[in-house]
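This report concerns only the one structure given below.
The values are calculated or read from the model by the stated rules, or taken from the named source; none is laboratory data. Values in this document were obtained by computation on a predicted structure and should not be read as measured data. Here Cβ is always computed from backbone atoms with ideal geometry, including for glycine, and neighbour counts include all displayed protein chains.
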Amino acid sequence: MMFRQLWWFFKMEKKSYLIGISTLMLLSLTHLVTPYTVRVVVDAITADALTWRLLVFWTVVNVLVALCKYGLGYTWRVMLFGAGYRMGRLLRDRLYQQFTRMSPRFYHQRRTGDMMAHATNDIQAVVVTAGEGVLTLADSFVSGMVVIVAMFVFIDWQLALISLLPMPLIAVATQQYGKLLHQRFHLAQEAFSRINDKVQENIAGVRVVKAFGQEEAEKQEFKRRLDDVVEKNLAVARVDALFDPTIVMAVGLSMLLAVVFGSISVADGRLTIGQLLQFTLYLGQLVWPMLAYGILINIVERGRASYERIQSLLNIKPDIEERPNAIDEQPVGDIQFNVESFTYPDAESAALTQIRVCVKRGGTLGIVGKTGSGKSTLLRLMLREFDVTQGEIRIGNHPITDYTLSALRGAIGYVPQDHVLFSATVAQNIAFGNPKATREQIEAAAKIACVHEDILQFAEGYDTVIGERGVTVSGGQKQRLSIARALLLNPEILILDDVLSAVDAKTEHAILQALRQNRVGKTTLISAHRLSAVEHADTIIVLDEGWIIQQGTHEELMQQDGWYRHMFLQQQLESQVLKGGEEGGTETSAPLS
C-alpha cells in the first residue's frame, strides 16, 4: 500500500495531517445538518405546523453551518496540501543530493531526460498522493461512515442495508481498475522519460542537427516518440474513464432501491415523507465518498508507480564513498601516483598500468600522449571520479581516499576538456566556485587566463549574459573563462586537461607564463596534445595505451629518440609552416553583441 510506504513522511508531518483529518471529520458532521433541516421543515409542512419562528431558526442554523464549512475547508486545504508540497520539496532535495553524490558511471548509464522526468512528473504524482490522496482517503472514509451511521441509526437500518447492496461492486471493480492503472501509468512515465531524452539531446545538439541537415529526420523521430507518449497516456485514460461510470451506476442503483423500498415504508407508515427525503439526501451525499474512493485508487496507483521509479534512483549506492572518520582538511604536499592497474567498470582491458610518478609540492607535471592513451583517466583518478582498484594516489602523507570528498576536491581547481558555462553573466561564470569574490578578484583571474581584454569587448563587459553552455562565445574564450574560474579559487592543485587546444600559440605562451608567475608554491598538472604547453614542466610523462613509455624533463626527453622528440619536432615544423598564414592560429574570437 502506497500510504505504508509514505508512513515515514506522515510521522514527520503528523501535526499537519492530524489537524487536516480532524478538520475533515468536523466538516463531515456539518453535512448532516442540511438534510435534517429538510426533514424537519417538510414534516412541519405535512403536519400543517410550519411557523415563521421555526423557518428563521433553521435558516440561521444553516447559515452558521455554511460559515463553519468555509473555515474548516480552508484549514484542511492548508494542512493537507501544504504537507504534500513539502513532500515534493523533500523528494526533490533528496534526488538532487543523490545526483551530486553519483560518479560518472551513474551518468553513463542514465539519460538526462529520464532523470528530469523523475524530478518533475514522478515527484508531482507523489505530491498529489501525499496531499490529495490523503484527502480523498480521509474524506471518503469519514464522510461515508458518518452518512451511513446516520442512515442506520436515525432513519431506518433495513432501508439503509437494502440501499447499500450495490456498494461492494464498487470495491471489486476499482481494485481491478487499480491494477491495470498501475501497469499502464508506469509505461506512460517511461514513455515520457524517452521523449524528455530526445528533447534534451536535440536542444543540446541543435548545431550538429542543423549542420548535417537532419531537421526533418529528427522531427519524424520526435513525432514517433510523441505518438508513443500519447498512446500510453490514452491507455491510462481508458482505465481512468471506467471509474466514474461504474461508481455513478452503483450509486444510481442504490438510489433506485431507496426510492422503491422507501416509498413502501412511507405507505406502510414506518417512515414520514420528511424522513424519506432526509434518507435520499444522505444517499446523495454518498456519491462523493464513492467517487472519492475511485479517485483515491487512481491517485494511489499513479503515486505508487512514480514512487517506485524515484526510489529506484535513491536506492543506488554511490560508487565513491568516504571512509569512516575521513580527514576533513584540505590535503597539501607532494603527489605520488602509484597505480598498479586501473580498469573502468565493465571494461575488458586496463586503462592505466604501472603508473609511478612523484610531483613535488609547487611543481608542474606534464602529461602527453596519443588520443586514448590515458591522460584524462589519470587526472580523473586524482579527483576520485573513480577509485584506483590496484595501487593508490597519495598527497602528502595520506592516500587521497583518507580525505573527505569535499576536502579533496576543495584543494583542486579542475578545468576539464568539456567546458561548461552557465546562462549567467561572465562575472558569475568566473565566480562560480567562489560566489563571494569581488570584481577585482574576478578581473585578476581573467587577466591571468588572458581573457580580460576579450571580455571588455563584449556588449556589457563582465555583466554580459552568456548563453546556456556558452553557445555565444568562441571555443578559445570558453577555455580561458574556465581557466579563470579555476584560478579564482587559488587552489593548492590545479588540473588543466587539454585546455589550451583552441587558443593560438601566442596566447598559450602568455597564459603559461602568467601561471608560472602566479602559482609559485602551488602544484599544477597539465595534460596536452600540443607539447609546447608542457615544455616548462618539472616532469613530463608520455603515455601510450595506459603505460608510461617516457619520463623526464623537456631537455631529457629531447635527447631521447622517442615519441616525445619526434612529435615535438613535427609540431615545431607545423608551427613554422603556419607562420605564413593568418595570425591567430586556431581560435576564432567572436565578441558578444
- Quick one: Phe141 ticks every box in (1) touching a helix residue (DSSP H, G or I) at 6+ places or on another chain (Cβ under 6 Å); (2) surrounded by fewer than 19 Cβ atoms within 10 Å (Cβ to Cβ) except a single one, so which number is it? (1)
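Quick check, is Asp197 at pLDDT below 80, part of a helix (DSSP H, G or I), at negative phi and crowded, with 17+ Cβ neighbours inside 10 Å?
The answer is yes for Asp197.
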- Residue pairs within 7 Å by beta carbon, gap of at least six or interchain, first lying in segment 268-295 and under 25 Å from Ala237 (Cα atoms) and in the same structural domain as His182 (by TED's automatic domain parsing), second hydroxyl-bearing (Ser, Thr, Tyr) and modelled with pLDDT under 80, listed first then second, are Trp288/Ser143; Pro289/Ser140; Pro289/Ser143; Ala292/Ser140; Tyr293/Ser140; Tyr293/Thr174; Gly294/Thr174
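Here are some residues: Arg101, Arg86. Which one is at pLDDT 90 or above and under 26 Å from the mean Cα position of the chain (by Cα)?
Arg86
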- Out of (1) at positive phi; (2) crowded, with 16+ Cβ neighbours inside 10 Å, the one Gly269 does not meet is (2)
- Residue match in segment 62-79 (condition: hydrophobic (A, V, I, L, M, F, W, C) and either touching a residue at least 60 places away in the same chain (Cβ under 8 Å) or within 30 Å of Ser406 (Cα to Cα) (or both)): yes
- Is there a residue in segment 342-351 that is in the same structural domain as Val499 (by TED's automatic domain parsing) and at positive phi? yes
- The correct count of residues that are under 12 Å from Gly178 (Cα atoms) and buried (at least 20 other Cβ atoms within 10 Å of the Cβ) in segment 241-253 is 1
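Check whether at least one residue in segment 229-239 is assigned to a helix (DSSP H, G or I), basic (Lys, Arg) and either at pLDDT 80 or above or within 22 Å of Val38 (Cβ to Cβ) (or both), and report yes or no. Break it down into steps so the answer makes sense when it comes.
Taking segment 229-239 as the starting set, the residues that turn out to be assigned to a helix (DSSP H, G or I) are 229-239.
Narrowing further to those that are basic (Lys, Arg): 232, 238.
Narrowing further to those that are either at pLDDT 80 or above or within 22 Å of Val38 (Cβ to Cβ) (or both): 232, 238.
Yes - at least one qualifying residue is present in segment 229-239.
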- Item | Counted residues, segment 483-515 - those being among the acidic types (Asp, Glu) and in contact with a Gly (Cβ under 9 Å, 6 or more places away or on another chain) | 3
- Note on the structure: For Asn397, the lone unmet condition from (1) surrounded by 17 or more Cβ atoms within 10 Å (Cβ to Cβ); (2) farther than 30 Å from Ala204 by Cα is (1)
- Message: Can you find a residue that is surrounded by 24 or more Cβ atoms within 10 Å (Cβ to Cβ), over 29 Å from the mean Cα position of the chain (by Cα), of a type in the set (Val, Ile, Thr) and not assigned by TED's automatic domain parsing to the domain that holds Thr523 anywhere in segment 479-488?
- Response: no
- Matching residues, segment 282-291, being in a helix (DSSP H, G or I), surrounded by 18 or more Cβ atoms within 10 Å (Cβ to Cβ) and of a type in the set (A, V, I, L, M): Leu283, Met290, Leu291
- Consider only pairs whose beta carbons are under 9 Å apart and that are at least six residues apart or on different chains; among these, list those whose first residue lies in segment 437-448 and is in a helix (DSSP H, G or I) and whose second residue is of a type in the set (Phe, Trp, Tyr). Arg439/Tyr462; Ile442/Tyr462; Glu443/Tyr462; Ala446/Tyr462
- Query: Take the residues of segment 208-226 that are of a type outside the set (Phe, Trp, Tyr) and either touching a residue at least 24 places away in the same chain (Cβ under 8 Å) or within 17 Å of Thr120 (Cβ to Cβ) (or both): which is surrounded by the fewest Cβ atoms within 10 Å (Cβ to Cβ)?
  - Reply: Leu226
- Task: Scan segment 102-143 for residues that are over 30 Å from Val199 (Cα atoms) and of a type in the set (S, T, N, Q) and jot them down.
- Result: Thr136, Ser140, Ser143
- Query: Looking at Val229, Val259, which is the one that is touching a residue at least 12 places away in the same chain (Cβ under 8 Å) and surrounded by 17 or more Cβ atoms within 10 Å (Cβ to Cβ)?
  - Reply: Val229
- So which of Leu91, Leu55 is in the same structural domain as Lys15 (by TED's automatic domain parsing) and over 29 Å from Val134 (Cα atoms)? Leu55
- Message: Criterion first (surrounded by 12 or more Cβ atoms within 10 Å (Cβ to Cβ), assigned by TED's automatic domain parsing to the domain that holds Thr120, closer than 26 Å to Gly133 by Cα and in contact with a Phe, Trp or Tyr (Cβ under 8 Å, 6 or more places away or on another chain)) does Leu80 satisfy it?
- Response: yes
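Please tell me if Gly476 is on the phi > 0 side of the Ramachandran plot, at pLDDT below 90 and under 32 Å from the mean Cα position of the chain (by Cα).
When the stated conditions are applied, Gly476 does not pass them.
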- Item | Qualifying positions in segment 7-24 - among the basic types (Lys, Arg) and more than 22 Å from Tyr74 (Cα to Cα) | Lys11
- Query: Residue check: is Tyr307 assigned by TED's automatic domain parsing to the domain that holds Asp139 and either in contact with a Ser or Thr (Cβ under 8 Å, 6 or more places away or on another chain) or surrounded by fewer than 21 Cβ atoms within 10 Å (Cβ to Cβ) (or both)?
  - Reply: yes
- Task: Go through the residues of segment 106-115 one by one and say whether even a single one is of a type outside the set (Ser, Thr, Tyr), modelled with pLDDT under 80 and farther than 26 Å from Ala188 by Cβ.
- Result: yes
- Query: Out of (1) free of Cβ contacts under 8 Å to residues at least 40 places away in the same chain; (2) of a type in the set (Ser, Thr, Tyr); (3) under 30 Å from Glu392 (Cα atoms), what's the single condition that is false for Tyr414?
  - Reply: (1)
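Just one of Ile448, Ile430, Ile493 is in contact with a Pro (Cβ under 9 Å, 6 or more places away or on another chain), modelled with pLDDT of 90 or more, surrounded by 15 or more Cβ atoms within 10 Å (Cβ to Cβ) and not basic (Lys, Arg); which is it? Step through it out loud before you land on a result.
On the way: Ile448 fails: in contact with a Pro (Cβ under 9 Å, 6 or more places away or on another chain); Ile430 fails: in contact with a Pro (Cβ under 9 Å, 6 or more places away or on another chain).
That would be Ile493, the only listed residue that is in contact with a Pro (Cβ under 9 Å, 6 or more places away or on another chain), modelled with pLDDT of 90 or more, surrounded by 15 or more Cβ atoms within 10 Å (Cβ to Cβ) and not basic (Lys, Arg).
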